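For reference, the structure is listed below as structure tokens.
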Amino acid sequence: MHPTLFQIGPLTLRVYGLALALSFFLGMMLAARRARNRGLDHRHIYDLSLVILICAVVGSRLFHFIFHYDQYAIHGDPWLQLLRIWDGGLMLFGGFILALGGSLFYLWRKKLPVWEITDIVAPSVGLGLGITRIGCFFNGCCFGRATDSWLGMVFPDNSAVYYTPRTGILPGTPVLPTQLFESAAGFALFGLLILVERKWKRFHGLLFGITIAFFGAWRLFIEELRFREDDMWAFGGFLSKNQVLSIVIFLAGAGIVLWRWLADRKAGRLLDPAAEHAAVLEAVRRRGGRGKKAGRAKKK
């Protein structure tokens, strides 16, 4: 585990920060390309990406503050500590929820095709999750429970697994690398969405709904393997607070899929997946042809 790539004077480049930046950039470029291939103005994706970035950062920090308020309070004024985001303390759930709400509001306010654009962006969520969790692994955060399984990994003694007193895990104890499990799940979601779009997508909003439902279902499962602090339990220790949120998110995603299918079927707007995919391939071919012509014109 190497949380720091390099350090030049006061400037430190951390793997986690690089993973976040890379996931955002690649996700944005992927979504912009998918928008162009479907005849939409890709500049809307850049504007939407800025909204998502701001909402994700604010939501991640705010939820971490709410769920771990006592950790902020012991260091003085908790509201002042809230602003010290460079000290760390982000919660993926908060970023996901606020980015989701912010992007939907932005698309609605701009009178853009909400469900078509959310389907365009959906694969970027899986790709971003896959890359970001690799950063978590190198950073040593978001680790799993202590285990004697062959899947267990021993982190360096100075990692968050051992130096955080609240864990109670002794140095040298293997823990489950849940960061890598979540990374694999993110890449699997990316592949699943591309496959569904090509083979079975009959209405706009399907990929978006699957993304939300998948995220909720996966987090409900992975929470059983992750280390949980005492203040993260709910319902007398039966479920964690994250698992309660996971159930709500899963139901919301499943509800979107059902609602969009019923609405488009009733309106007679169901899509032909093969025809949609053929149209995308044709758009890519035409763009490639224009690019070659432009290149030849410049040479002349």
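Selection over segment 39-69 of residues that are more than 13 Å from Gly95 (Cα to Cα) and of a type in the set (Lys, Arg) gives a count of 1. All conditions in (1) in a helix (DSSP H, G or I); (2) among the aliphatic types (A, V, I, L, M); (3) more than 18 Å from Leu112 (Cβ to Cβ) hold for Leu48, with the sole exception of (3). Return the total of residues in segment 74-117 being exposed (fewer than 12 other Cβ atoms within 10 Å of the Cβ) and either over 22 Å from the mean Cα position of the chain (by Cα) or at pLDDT 70 or above (or both). Residues flagged as exposed (fewer than 12 other Cβ atoms within 10 Å of the Cβ) and either over 22 Å from the mean Cα position of the chain (by Cα) or at pLDDT 70 or above (or both) within segment 74-117 amount to 10. Residues in segment 141-185 that are farther than 22 Å from Phe221 by Cβ, touching a helix residue (DSSP H, G or I) at 6+ places or on another chain (Cβ under 6 Å) and surrounded by 15 or more Cβ atoms within 10 Å (Cβ to Cβ): how many? Number satisfying all stated conditions: 1.
In segment 247-262, which residues are without any contact (Cβ under 8 Å) to a residue 60 or more places away in the chain and of a type outside the set (Phe, Trp, Tyr)? Step through it out loud before you land on a result.
First pass over segment 247-262, keeping only residues without any contact (Cβ under 8 Å) to a residue 60 or more places away in the chain: 247-248, 250-259, 261-262.
If the condition is that a residue be without any contact (Cβ under 8 Å) to a residue 60 or more places away in the chain and of a type outside the set (Phe, Trp, Tyr), then Ile247, Val248, Leu251, Ala252, Gly253, Ala254, Gly255, Ile256, Val257, Leu258, Leu262 are the ones that fit.
Do we have any residue at all in segment 121-135 that's more than 30 Å from Leu40 (Cα to Cα), touching a strand residue (DSSP E or B) at 6+ places or on another chain (Cβ under 7 Å) and at pLDDT below 95? Within segment 121-135 (the criterion being more than 30 Å from Leu40 (Cα to Cα), touching a strand residue (DSSP E or B) at 6+ places or on another chain (Cβ under 7 Å) and at pLDDT below 95), the answer is no, since none of the residues qualifies.
The values are calculated or read from the model by the stated rules, or taken from the named source; none is laboratory data. Bear in mind the structure is a predicted one, so any value in this text is a computation, not a measurement. Neighbour counts are summed over all protein chains in view; Cβ atoms, including those assigned to glycine, are modelled from backbone coordinates with ideal geometry.
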